[in-house]
Amino acid sequence: MLRCPNCRVQNPGTSCCRRCGMELVALQNIETKAKNLVLCALTLLLQENPRNLDYARHFLLQACKLQQDSLSTILLEFINTRLAVVTTELS
Ligand SMILES: [Zn+2]
């Protein structure tokens, strides 16, 4: 966590914000879950199997529900482009 969501101090700490005392563990757990979902999506994409695109997209959409970031957004755009190409190739 780069900033405390409450007081915006940089590098707020690990369990509680060093400035305002806000509990951070639950939020850090959500960040970790989102990162793990993005890693699952990346693992599937690296296998270069078109059948994995839908699964990777599912993981990224779940990650975005927890935490939106630029990597997830870019990967979703990539998958949507690939899905359009695969759909065109199959028709
Ligand atoms: Zn704070």
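Are there any pairs with C-beta distances below 8 angstrom linking a residue in region 72-91 that is modelled with pLDDT of 85 or more to a residue that is acidic (Asp, Glu), with the two at least 6 apart or on different chains, and if so which?
If the second residue must be acidic (Asp, Glu), the pairs left are LEU83/ASP54.
Of all residues in region 12-33 being touching a Ser or Thr at 6+ places or on another chain (Cβ under 8 Å) and in contact (Cβ under 8 Å) with a residue 12 or more places away in the chain, which is nearest to the ligand (Cβ to nearest atom)?
Only one residue fits best here, namely LEU24.
From the list PRO50, PRO5, pick out the single residue that is near the ligand (Cβ under 10 Å from one of its atoms), modelled with pLDDT under 95 and either loosely packed, with under 15 Cβ neighbours inside 10 Å or closer than 22 Å to VAL86 by Cβ (or both).
PRO5
Does ARG57 satisfy the condition of being modelled with pLDDT under 95 and either hydroxyl-bearing (Ser, Thr, Tyr) or more than 19 Å from ILE30 (Cβ to Cβ) (or both)?
In short, no.
Can you find a residue in region 58-80 that is within 16 Å of the ligand (Cβ to nearest atom) and over 9 Å from the mean Cα position of the chain (by Cα)?
no
The values are calculated or read from the model by the stated rules, or taken from the named source; none is laboratory data. Quick caveat: nothing in here was measured; it's all calculated off a predicted structure. Methodologically, a virtual Cβ is constructed for each residue, glycine included, from the backbone with ideal geometry; neighbour enumeration extends over all protein chains shown.
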